[in-house]
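Asks: Once you've had a glance at the structure underneath, I'll fire off some questions.
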Amino acid sequence: MNNKLTYIIDDDKLTVKLMSILISKSKFCEEIHSFNNAQFAIDKLKENWDDSEILPDAILLDLNMPVMDGWQFLDEFIHLPIKKKFQFLS
């Protein structure tokens, strides 16, 4: 296990549940935080951008969501002053 924290950003509850089960069974990471809205996730990253210990190591991102879709999330994400390297899976 290389990852401490993974974010799942997806508005479909079943997808989040299934991904969480698969991640847990494969021991991909120690902890999972899920967001049903990409805006909530970007707000959390903006809050914690300067503390790499509480930033995720991997982000699983749904591209088609209401409020803020995955593409809009990525557009905002690239402007954050985060130095940590992330794994993105979509």
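The values are calculated or read from the model by the stated rules, or taken from the named source; none is laboratory data. All values reported here derive from a predicted model rather than from experimental measurement. Note that we place each Cβ from the backbone using ideal geometry, even for glycine, and neighbour counts take in every protein chain shown.
Asks: How many residues does the stretch 2-50 contain that are without any contact (Cβ under 8 Å) to a residue 12 or more places away in the chain and β-branched (V, I, T)?
Replies: Total meeting the criteria: 1.
Asks: Ok, one more. Could you list, ordered by first residue, the pairs with Cβ atoms under 6 Å in which the first is in the stretch 65-90 and touching a residue at least 40 places away in the same chain (Cβ under 8 Å) and over 12 Å from W49 (Cα atoms) and the second is surrounded by 16 or more Cβ atoms within 10 Å (Cβ to Cβ) and among the β-branched types (V, I, T), at least 6 apart or interchain?
Replies: F73/I42
Asks: I'm told L5 meets every condition in (1) in contact with a Pro (Cβ under 6 Å, 6 or more places away or on another chain); (2) at positive phi except one. Can you identify the failing condition by its number?
Replies: Against the list (1) in contact with a Pro (Cβ under 6 Å, 6 or more places away or on another chain); (2) at positive phi, L5 comes up short only on (2).
Asks: Of all residues in the stretch 16-36, which are among the β-branched types (V, I, T), surrounded by 14 or more Cβ atoms within 10 Å (Cβ to Cβ) and in a helix (DSSP H, G or I)?
Replies: Step one: of the stretch 16-36, the residues among the β-branched types (V, I, T) are 16, 21, 23, 32.
Filter once more, so that each one left must be surrounded by 14 or more Cβ atoms within 10 Å (Cβ to Cβ): 16, 23, 32.
Selection gives V16, I23.
Asks: Count, please, the residues in the stretch 37-58 that happen to be buried (at least 18 other Cβ atoms within 10 Å of the Cβ) and either over 13 Å from E76 (Cβ atoms) or small (G, A, S) (or both). Write out each step before concluding.
Replies: Step one: of the stretch 37-58, the residues buried (at least 18 other Cβ atoms within 10 Å of the Cβ) are 38, 41-42, 45, 55-58.
Of the ones still in play, those that are also either over 13 Å from E76 (Cβ atoms) or small (G, A, S) (or both) are 38, 41, 55-58.
The number of residues fulfilling the criteria is 6.
Asks: Next question, about the same structure. Among what's in the stretch 73-90 and is in a loop (DSSP other than H, G, I, E, B) and within 17 Å of L60 (Cβ to Cβ), pick the residue that is modelled with the lowest pLDDT. Can you show your working first?
Replies: To start, the set of residues in the stretch 73-90 that are in a loop (DSSP other than H, G, I, E, B) comprises 78-86, 90.
The next check asks that each one be within 17 Å of L60 (Cβ to Cβ); those that pass are 84-86, 90.
Numbers: K84: 87, K85: 82, F86: 78, S90: 64.
Residue satisfying both the conditions and the ranking: S90.
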